[in-house]
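For reference, the structure discussed in these notes is given below.
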Amino acid sequence: MRYLGLVLLASCGLAACQSHQTVAQKQANQAVSTLTSVDFDKENSLVHEKLDQYKVGKFSVGSWVNQEPGQYFKLVKPQNPHASIVYFYRPDSKWNRQEIVAQSFYLNGKRIPSLISNHYYWVELAEGDYKLSLSRPLAVMHFQKPKVAYFSVKAGEQYFVKYEEEKFRGGPNGGGDLLKVGPLVQMPTGQALKEIGMTQLKSPGLNFVGEVTADGRVIKPKEKISSTYQASDDVHTTQPFKIWNPLTW
């Protein structure tokens, strides 16, 4: 009986250790947002609304000034397997190419790249709720009442959000529950892939997903996911290129 009691005690201890390791592993694999959380209790206050509207900040020039090319659209895998991917894109048009100052984008209060003509980029986000606000400044002065979109993302999912000031392309086919605020339109995946294919990566992807270690520390990733672009990267030939030989005539 004494040996039986020791065996039972050792088994309980081993099970407890395994349970503790499982909890620690779950905590270590937990994905958290590195952005400032949205305080929804303050969102409806007049003071918060005015501070969000009137401010001094940076601005981005539009395609009339910025005509730098980028790599054509490619689907990406999240750096964190528990993250979601949100693609922001703006198709090409004559109207978009004539823009001088682009709308400023703020995600949970953090400035992210503006969208210019024929432009896309992506952000990695942890599961949760987010606030995206847009306003067009006059130089560094922001005084326009921002257009605000609240949205949620789920781990492992991908989303496509189009910036569209013109109406000739139409909206999403079906999907009445998709996000639509001002020029921001969430598009179904199939429809979005047809539109985003010719857009170019003119600003780096962004990663706002941190990892929680077993001791509770949050490891922040490198925020910008950049890659060196060369125009030749988008040139594909089906056969090796050969120099013309005049003697073959």
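Points to keep in mind about this one:
- With each label modelled as a point 7 angstrom along the Cα→C-beta vector, the Lys110-Lys154 pair spans 2.5 nm.
- Residues whose placed amide H lies under 5 Å from that of Leu184, excluding near-sequence neighbours: Glu164
- Karplus (6.51, -1.76, 1.60) ³J(HN,Hα), θ = phi - 60°, over segment 212-222, in Hz, Gly and Pro reported as x: 9, 7, 4, 8, x, 7, 9, 8, 8, x, 5
- Each label was represented as a point 7 Å from its Cα along the Cα-to-Cβ direction; for Lys42 and Glu165 these points are 3.1 nm apart.
- HN-Hα J in Hz across segment 99-109 - Karplus 6.51, -1.76, 1.60, θ = phi - 60°, x for Gly and Pro: 6, 9, 10, 8, 4, 8, 10, 10, 10, 6, x
- Förster-model FRET efficiency, 51 Å R0, Gln144 and Val212, C-beta, rounded to 0.05: 0.85
- The length gained on full extension between Asp177 and Lys220, counted as 0.36 nm times the residue separation minus their Cα-Cα distance, comes to 12.2 nm.
- Near His119, the amide H atoms lying under 5 Å from its own belong to Arg90, Gln200; only residues 5 or more places off or on other chains count, and H is placed 1.01 Å from N.
- Residues whose amide H lies under 5 Å from that of Ala102, counting only those 5 or more places away or on a different chain, are Ser60, Val61, Gly62; hydrogens are built 1.01 Å from N in the peptide plane.
The numbers here are math on the coordinates, done by the rules we state, and not lab data. If you're wondering where the values come from, they're calculated on a predicted model, not measured in any experiment. Neighbour counts run over all protein chains shown; Cβ positions are idealised from the backbone, glycine included.
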